[in-house]
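Peer 1: One structure, pasted below without further comment.
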Protein chains: 2
Amino acid sequence: MKIGILTIGNELMNGRIADTNSAFIAREMNLQGWPVETMMSVGDDFEIIADRLRYLLSFTDAVICTGGLGPTVDDITTAAVARAFDRQLIPDEKVLAYLKDIFTRFNLRWTENNAKQALFPEGAEVIPNPVGTAAGFALPVGEKLVMVIPGVPSEMRRMVPEGVISVLRRRFPQAVLQTVKQTIKTFGLGEAMVDQRLADVDFDALGVNVGFYPVFPENHLVLIARADSQEQAQKKIQKAVDQVTARLSDCIFSYGEETLEEKIAAAMTEKKLTIAVAESCTGGLIADRLTDVSGSSVYFERGLVTYSNEAKIQLLGVPADILEKHGAVSEETARAMAEGVRKLAGTNLGLSSTGIAGPTGGTKEKPVGTVYIALTDGEKTVCRHYAYRWDRRRNKLISSEAALMMLRNYLQETPS
Amino acid sequence: MKIGILTIGNELMNGRIADTNSAFIAREMNLQGWPVETMMSVGDDFEIIADRLRYLLSFTDAVICTGGLGPTVDDITTAAVARAFDRQLIPDEKVLAYLKDIFTRFNLRWTENNAKQALFPEGAEVIPNPVGTAAGFALPVGEKLVMVIPGVPSEMRRMVPEGVISVLRRRFPQAVLQTVKQTIKTFGLGEAMVDQRLADVDFDALGVNVGFYPVFPENHLVLIARADSQEQAQKKIQKAVDQVTARLSDCIFSYGEETLEEKIAAAMTEKKLTIAVAESCTGGLIADRLTDVSGSSVYFERGLVTYSNEAKIQLLGVPADILEKHGAVSEETARAMAEGVRKLAGTNLGLSSTGIAGPTGGTKEKPVGTVYIALTDGEKTVCRHYAYRWDRRRNKLISSEAALMMLRNYLQETPS
């Protein structure tokens, strides 16, 4: 089954908004095993919508349209679709009653233009909108299908899996396959290196589709398998996951959608550990990320952003002679920062960063991107040196990730 | 002049990557006064590319294509374009020499497939690529023009203003207008409120195009004026800027691309002031943002993320009875945090945040989203209460923005 996508809205055509609906719909369709053949975007123009829609439908089985279903005069998608296939617009009494009920409940004044959202082309099946007033619809055109849903991403994202896909599965039963999806998140290798390590895995032979999604500084893999049954698809996925794991285990931190911060939160809570953080080059980003998880106050005691040498001495007890002898950006300082913050905070763990985020401040011996990360549990302190080559923001991001990954590895090796 | 856009790549069709090239090109075209009529995306398929391209060109004056210009077998855009308009592929000797030179300089082995990047359809004009090996081209088709550039965003973003637009201006001189663009960045009002405050400004009568770009938690406005001369366009813009300023002056922090952090950096440096930050609910995000500016170590002395009451007492000298009587989330605590961190760091300014980021931790008196921000210069301390209603990450983001905005307002009112 071939799919076409038509996104509608003047805000797309002037570039005010980048179309993310098409990529979302394409992912969902591919998950079902239905390839998208052409995507198109047009403005809120009656004739253009009708014309492009007929063109798209000429070489696809179903076209999914988003946008232009609001109550105002420039929302003309429903009327344009009706015109494209010579249908009358007919009010749906159930949708009309639902809309009037919403207006009553929220004490809004009903005006006649709102009735527009209850009009649908003759022969259309309504696709309910669980989170808004704009219902969608599916219009059969011969053996083919035109589907229209709102362009508001939060509504569209609900209505594709709940409405669009179920209508498509019902109308095109011969195209229904069971699908299993598995996300694997990695950190520590560039996309090219991940690619290279997986070069000898024959995903095609395994019947598994693999996608690479770099989300700086992480690389995510998404494996998709389709089969007649859920069990068969699951079996295919498992074989691929095993082969990926064998080649990337040192870099994988999540099998699923969980973030590195969430993985750390679960382990810290389970092991009943507490942590304090002392940051220099990451400037608060490690603390910011650790505290992005609700409930982090249980294990995150404090974070210190010690930019000046005085702050490192005063707040962390870093000996002045270490700073003098080795410099603020050094393994010795990183160790003293981690040990100092742990001791003063009275936590189980201490984590630190020091480095040169750039673009200024680099020297020949310590170029921009030089970073030291240290982690201590009071008995043992580990420290690693990194040499990054990014801009300031990305140097901060990748350094914070390296610090969180060091913490995650420590938690993995530590018995509960 | 009507423009069509065709983005090419299998990664678009499976939804692995959302197409951001189209929006970028559309913005650039609109800046020139050239509306985009239809955007399309297709996979790396010979026949489909040729067919869709001919269709797009049938109702536009110029089509801009991106993607599929690499040296590998699945990069087929050039060949598909040549096929679509019955042209031979001819090597360009200058491009070939340039490519071979790159291979020599970087000590790479030349293989014959690389010569593919020097092939262009007969009659095409080469569009140089200043940052990569894939040159683009412009192919006249009757009175119309097909232009092809790489899909790599960093290359595409260079080649549209430097190559594509100059070729279009030369080929379509009757469509050339002078354009002036002005960005205005605001914080403190929702998009709907900005819209409402500007409702009585007749941008059409002023001959100015206005776009709203919400970049949470900020709202950016982009004003564009076009005229026969730069001076005329500038005059139009100035009138619109004056009217916008009269209605939004309390919310505007930047006329241009500068960020709030950069505005603060310039003022702190100019006034030779230093700052220390004490954060609770923002979890390090204020420090992270302040240190995103290179050179921030001059004015940013330290940041403390004091999540626990112990840390607030120990590191900031917040009196235990204030915490007991008013709670950690209170105006009194916010004031004591700002004053404490300033005193202990010995800086000119102290800035603090305390609140409930959520989704847990709220009470009836202090619901999720309750935030206090305080700023002190040692003589006077100001504190403001905010009630936000977002998710955890956005509550952190908008709270950090409110803190930076408070600092920015202070700096504006303070003589150098």
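The values are calculated or read from the model by the stated rules, or taken from the named source; none is laboratory data. Small disclaimer: the values here were computed from a predicted structure and weren't measured. Every residue, glycine among them, receives a Cβ derived from its backbone with ideal geometry; neighbour counts consider all protein chains shown.
Listed here are the residues, each with its yes/no results for (1) in contact with a helix residue (DSSP H, G or I) (Cβ under 8 Å, 6 or more places away or on another chain); (2) basic (Lys, Arg); (3) more than 25 Å from B:Arg393 (Cβ to Cβ).
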{"site": "B:Ser229", "(1), (2), (3)": "no, no, yes"}
{"site": "B:Ala233", "(1), (2), (3)": "no, no, yes"}
{"site": "B:Ser280", "(1), (2), (3)": "yes, no, no"}
{"site": "B:Val329", "(1), (2), (3)": "no, no, no"}
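Peer 1: Which one is surrounded by the fewest Cβ atoms within 10 Å (Cβ to Cβ), of the residues in segment B:200-223 that are over 11 Å from B:Ile184 (Cβ atoms) and touching a helix residue (DSSP H, G or I) at 6+ places or on another chain (Cβ under 6 Å)?
Peer 2: Of everything passing the filter in segment B:200-223, B:Pro214 is surrounded by the fewest Cβ atoms within 10 Å (Cβ to Cβ).
Peer 1: Then there is this: Could you please let me know if A:Gly163 is over 20 Å from A:Met405 (Cβ atoms), in a strand (DSSP E or B), of a type outside the set (Lys, Arg) and not assigned by TED's automatic domain parsing to the domain that holds A:Ile286?
Peer 2: Considered against the rule, which asks whether it is over 20 Å from A:Met405 (Cβ atoms), in a strand (DSSP E or B), of a type outside the set (Lys, Arg) and not assigned by TED's automatic domain parsing to the domain that holds A:Ile286, A:Gly163 comes out as no.
Peer 1: When only residues in segment B:42-68 that are farther than 30 Å from B:Asp228 by Cβ and in contact with a Lys or Arg (Cβ under 9 Å, 6 or more places away or on another chain) count, which is surrounded by the fewest Cβ atoms within 10 Å (Cβ to Cβ)?
Peer 2: Going through the qualifying residues, I end up with B:Glu47.
Peer 1: Picking from B:Gly33, B:Gly68, which residue would you name as being at pLDDT below 95, over 30 Å from A:Gly33 (Cβ atoms) and more than 10 Å from chain A (Cβ to nearest Cβ)?
Peer 2: The match here is B:Gly33.
Peer 1: If only one of B:Ala287, B:Ala240, B:Ala266 is over 24 Å from A:Val277 (Cβ atoms), of a type in the set (A, V, I, L, M, F, W, C), within 24 Å of the chain's Cα centre (by Cα) and buried (at least 24 other Cβ atoms within 10 Å of the Cβ), which one is it?
Peer 2: Testing whether each residue is over 24 Å from A:Val277 (Cβ atoms), of a type in the set (A, V, I, L, M, F, W, C), within 24 Å of the chain's Cα centre (by Cα) and buried (at least 24 other Cβ atoms within 10 Å of the Cβ) leaves just B:Ala240.
Peer 1: How many residues, within segment A:85-111, are touching a strand residue (DSSP E or B) at 6+ places or on another chain (Cβ under 9 Å) and either in contact (Cβ under 8 Å) with a residue 60 or more places away in the chain or among the β-branched types (Val, Ile, Thr) (or both)?
Peer 2: Residues in segment A:85-111 being touching a strand residue (DSSP E or B) at 6+ places or on another chain (Cβ under 9 Å) and either in contact (Cβ under 8 Å) with a residue 60 or more places away in the chain or among the β-branched types (Val, Ile, Thr) (or both): 3 in total.
Peer 1: So B:Leu145 passes all but one of these: (1) at pLDDT 95 or above; (2) touching a Cys at 6+ places or on another chain (Cβ under 8 Å). Which condition number does it fail?
Peer 2: (2)
Peer 1: Just checking, how many residues over segment A:378-396 are at pLDDT 95 or above, surrounded by 16 or more Cβ atoms within 10 Å (Cβ to Cβ) and away from chain B (no Cβ under 14 Å)?
Peer 2: Number of matching residues: 3.
Peer 1: To continue, here is another question. If I go through segment A:1-20 residue by residue, how many of them are at the interface with chain B (Cβ under 9 Å from one of its Cβ atoms) and either surrounded by fewer than 19 Cβ atoms within 10 Å (Cβ to Cβ) or not β-branched (Val, Ile, Thr) (or both)?
Peer 2: Residues flagged as at the interface with chain B (Cβ under 9 Å from one of its Cβ atoms) and either surrounded by fewer than 19 Cβ atoms within 10 Å (Cβ to Cβ) or not β-branched (Val, Ile, Thr) (or both) within segment A:1-20 amount to 9.
Peer 1: Name, by its number, the condition in (1) surrounded by fewer than 24 Cβ atoms within 10 Å (Cβ to Cβ); (2) part of a helix (DSSP H, G or I) that does not hold for A:Thr347.
Peer 2: (2) is the only condition that A:Thr347 fails.
Peer 1: Now for a separate question. Only one of (1) within 14 Å of another protein chain (Cβ to nearest Cβ); (2) assigned to a strand (DSSP E or B); (3) small (Gly, Ala, Ser) fails for B:Ala374. Which number is that?
Peer 2: Unmet condition: (1).
Peer 1: Go through segment A:360-370 residue by residue and tally those that are of a type in the set (Val, Ile, Thr) and more than 14 Å from every other protein chain (Cβ to nearest Cβ).
Peer 2: Number satisfying all stated conditions: 2.
Peer 1: I would also like to ask the following. State which residue is surrounded by the fewest Cβ atoms within 10 Å (Cβ to Cβ) when the search covers only segment A:136-187 and only residues that are aromatic (Phe, Trp, Tyr) and out of contact with any Asp or Glu (no Cβ under 6 Å at 6 or more places or on another chain).
Peer 2: It comes out as A:Phe172.
Peer 1: When you scan segment B:89-115, how many residues do you find that are of a type in the set (Gly, Ala, Ser) and more than 38 Å from the chain's Cα centre (by Cα)?
Peer 2: 0
Peer 1: May I pose another question? State all residues of segment B:112-135 that are surrounded by fewer than 17 Cβ atoms within 10 Å (Cβ to Cβ), out of contact with any Lys or Arg (no Cβ under 8 Å at 6 or more places or on another chain) and free of Cβ contacts under 8 Å to residues at least 40 places away in the same chain; if no residue qualifies, say none.
Peer 2: Within segment B:112-135, B:Glu112, B:Ala115, B:Pro128 meet the criteria.
Peer 1: Just name the residue that is farthest from the other protein chains (Cβ to nearest Cβ) out of those in segment B:334-345 that are in contact (Cβ under 8 Å) with a residue 60 or more places away in the chain and either touching a His at 6+ places or on another chain (Cβ under 9 Å) or not β-branched (Val, Ile, Thr) (or both).
Peer 2: Ranking the qualifying residues of segment B:334-345, first place goes to B:Ala338.
Peer 1: Here's another thing I want to ask about it. Quick check on segment A:304-327. Is at least one of its residues acidic (Asp, Glu), at pLDDT below 95, assigned by TED's automatic domain parsing to the domain that holds A:Tyr372 and out of contact with any Asp or Glu (no Cβ under 7 Å at 6 or more places or on another chain)?
Peer 2: yes
Peer 1: Please work out which one of (1) free of Cβ contacts under 8 Å to residues at least 40 places away in the same chain; (2) closer than 28 Å to B:Ile49 by Cβ is the condition A:Gly9 fails and give its number.
Peer 2: Only one criterion in (1) free of Cβ contacts under 8 Å to residues at least 40 places away in the same chain; (2) closer than 28 Å to B:Ile49 by Cβ is unmet by A:Gly9, namely (1).
Peer 1: Let me ask something else about it. Does segment B:36-65 hold any residues that are within 19 Å of B:Phe120 (Cα to Cα), outside any helix (DSSP H, G or I) and away from chain A (no Cβ under 12 Å), and which are they?
Peer 2: B:Asp44, B:Ala62, B:Val63, B:Ile64, B:Cys65
Peer 1: Taking segment A:166-184 as the region of interest, how many residues are among the charged types (D, E, K, R) and not in a helix (DSSP H, G or I)?
Peer 2: Result for segment A:166-184: 1.
Peer 1: Also, I was wondering about something else. Do any strands (runs of 3 or more DSSP E) entirely within segment A:217-333 hold 1 or more residues that are more than 30 Å from B:Thr360 (Cα to Cα) and within 14 Å of chain B (Cβ to nearest Cβ), and if so, which?
Peer 2: A:218-227
Peer 1: Another one. Could you count how many residues in segment A:246-258 are touching a residue at least 12 places away in the same chain (Cβ under 8 Å) and either buried (at least 19 other Cβ atoms within 10 Å of the Cβ) or not acidic (Asp, Glu) (or both)?
Peer 2: 8
Peer 1: Still on this structure, I have one more. Look at B:Lys364 and say whether it is modelled with pLDDT under 95 and over 29 Å from B:Lys185 (Cα atoms).
Peer 2: Yes.
Peer 1: Could you look through segment A:189-221, keep only residues that are modelled with pLDDT under 90 and of a type in the set (Val, Ile, Thr), and pick out the one that is nearest to B:Ala18 (Cα to Cα)?
Peer 2: Per the criteria, the residue is A:Val215.
Peer 1: Which residue out of B:Glu261, B:Glu301 is under 28 Å from B:Thr183 (Cα atoms) and among the acidic types (Asp, Glu)?
Peer 2: Answer to the check: B:Glu261.
Peer 1: Find the residue count for segment B:294-317, including only residues that are buried (at least 20 other Cβ atoms within 10 Å of the Cβ) and β-branched (Val, Ile, Thr).
Peer 2: Count: 2.
Peer 1: Which residues, taken from segment B:127-174, are within 24 Å of B:Ala18 (Cα to Cα), among the small types (Gly, Ala, Ser) and touching a helix residue (DSSP H, G or I) at 6+ places or on another chain (Cβ under 7 Å)?
Peer 2: If the condition is that a residue be within 24 Å of B:Ala18 (Cα to Cα), among the small types (Gly, Ala, Ser) and touching a helix residue (DSSP H, G or I) at 6+ places or on another chain (Cβ under 7 Å), then B:Gly132, B:Ala134, B:Ala135, B:Gly136, B:Gly151 are the ones that fit.
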